[in-house]
Amino acid sequence: MGFAVLGLFSFGLACAVLLVRSDALTGDPVRGLVLALTHLITLGWIGSLLFAGAYLFGPVLVRAPLWSERLPLVIGAFLVALVSFFRSRSGSSQ
C-alpha cells in the first residue's frame, strides 16, 4: 500500500507544481524544474506504481505471504532521505 501512496503523492505533487508554475515546462530541458518534474513523474509516480503492482501481485504469483509489510515505508523514507541529501549537496547551483 505504501508504494501506491508514494506514487499518488508524487503525481499530486507534480500536478501541484504545474498548477503553480505554468511555465515549468518551458526552458532548458537538461536542468532546472523540467528535469525535476521529469524525474518526479518517472521515478515517483510510474516507478512507485509499478512496484505497488509487483508488491501486490508477487504473493499471488509465488503463492507465498509477503516478506515484509513495512518494506514500502522503509524504501519511501530512504528515497526521501536520498533526494534531500543530493539536494543539500547541490547548493544553489540553479
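Look at the alpha carbon pairs under 8 Å that are at least 6 residues apart: their mean separation over the length of region 2-90 gives a relative contact order of 39 percent.
A simple spin-label model places pseudo-atoms 7 Å from Cα toward Cβ; at Arg70 and Leu13 they are separated by 2.2 nm. Once the dipole of the chain is set up with Lys and Arg at +1 and Asp and Glu at -1 on Cβ about the Cα centre, which of Leu61, Ile75, Ala14 lies farthest towards its positive end? Going by the charge dipole, the pick is Ile75. Here Rg/Rh (Cα atoms, Kirkwood Rh) was calculated from the structure, and among (i) 1.29; (ii) 1.07; (iii) 0.92 it sits at label (ii).
Values quoted throughout were computed directly from the atomic coordinates according to the rules given, and no laboratory measurement underlies them. What you see is a predicted model, and the numbers here were worked out from it, not measured in a lab. Note: ideal-geometry Cβ built from the backbone for every residue, glycine included; neighbour counts use all protein chains shown.
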